[in-house]
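To start, the structure under review is shown below, and the notes come after it.
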Amino acid sequence: MPKLAPLPLKSSEWTELRQAGAVLVDKTAGIYKLVSDYTPDFPRYIARPHGMGKTMLCSQLEELFAHGTGAFAGTAIHDLWTESTSPVVRLELGSPKRLPKAQYQSWFKERLTEAFVRASLIDCNFVIPEDLDELYDALAEAADQREIVVIIDDWDAQILHHLNDGKASSFLEHFWTIFWDWLQCELNSKYIFVTGTMSGASAQELLYDLNLTSYDSDLADLLGITPLELETCYAPYLSEAATRLGVSERSVIDQIESYYLGYNFDTDEQSKLYTPLDLNHFFAPLTKRGKTAPVLSPYCFDTRNHYGLKRMLKGCTKEYHQVLRHIGKDFPDQEYAIHTLASFTQLELPAYLYETGYFTLKSTDEGEMPYCVRCPNSAVREGLTNLLRHLDD
């Protein structure tokens, strides 16, 4: 067997993965649409669950705006992109740990300062002021009205950790309202792009004037892997998996589809997707010589932090039963679960599961608005079932 190319397992940085020759599905035609249709007064927002590739997308955008197309040779965007380069402030907020309210401000200030250092707008010896307003003033002065690109990845990670916690939620809501006002009014932003898990309508409660890219039909598969991309981009892995499992390639595809396929972000038509994280971990044993066969397992589910869900369900028999009763079915007629949270501190269970990325939109056949949410696939159902069974351990 010829050696298979490495899979994106530990890093999400575009240039590192390109240099390593890793398997990367070319999504850059969608990225070009994402950036070329941009309106400065309406920052782009895309919501996706854990494991769909949000951080890699942010890395691609940073590379494109900061350095041009040098690292995109052979991709669709290489000959399309003609923009000049700009400083890029890339703010990474996807900490899996739940930070106490008292620590959040200092942690955020450090992340924001690091992003300005990385953009070469301030130097690494910059002393972070104690007062948050002073920091904002200093960073705005350092930007000096230069056109900058701002990329914020997983903006709502801590908010999702603190849902149903009234004091912490109120603090974070106020904190983000102030930050967003500063970002919109005090910086000369050429482009603002935000990713998160929370649905666009909920994000708009705090981040005004968002362009909700989450459910654009043209960009529904910008993140995630389509069935066609599985069969083409992962073809060598499917062949090797079939050999090690002693079955046909079609059988391998059918097994993967029945277990992992099901995420949907398209309100106009069926557009089911895989998470890259699930596929890459499933195929990972094949990159090593030997006879180890791939195993179907809820990799994506098992690598995320479930603090918020555990906190919500612990000791709540009614909610346990509601999850188990609907785990393989739709939550019918829950329009609010798609459009907005009822409240950041008083959540109905379907809304919570949807907003935190455990549930996805139900696909429809005739363009009807899917006012239902459902568990996306067998992997998530297995993960949720196991979590509920061991919640009191």
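The values are calculated or read from the model by the stated rules, or taken from the named source; none is laboratory data. Here the structure is a predicted model, which is why all the values come from computation and not from measurement. Cβ atoms come from the backbone with ideal geometry, glycine included; neighbour counts cover every protein chain shown. To get the accessible areas, we keep the full protein, side chains included, count just its heavy atoms, and leave off ligands, DNA and RNA. Shrake-Rupley method; radii C 1.70, N 1.55, O 1.52, S 1.80 Å.
At least 3 residues that are open to solvent by 40 Å² or more (accessible area, probe 1.4 Å), touching a residue at least 12 places away in the same chain (Cβ under 8 Å) and of a type outside the set (Val, Ile, Thr) in each: list the helices (runs of 4 or more DSSP H) lying fully within segment 1-113 that qualify.
Working: elements: 14-19, 28-36, 54-67.
By residue number, 28-36.
For segment 178-213, give me the residue count where each residue is open to solvent by 20 Å² or more (accessible area, probe 1.4 Å) and either within 27 Å of Leu223 (Cβ to Cβ) or acidic (Asp, Glu) (or both).
Looking only at that region, the number is 13.
Check whether at least one residue in segment 122-129 is touching a helix residue (DSSP H, G or I) at 6+ places or on another chain (Cβ under 9 Å), farther than 23 Å from Asn188 by Cα and touching a residue at least 12 places away in the same chain (Cβ under 8 Å), and report yes or no.
No, segment 122-129 contains no residue that is touching a helix residue (DSSP H, G or I) at 6+ places or on another chain (Cβ under 9 Å), farther than 23 Å from Asn188 by Cα and touching a residue at least 12 places away in the same chain (Cβ under 8 Å).
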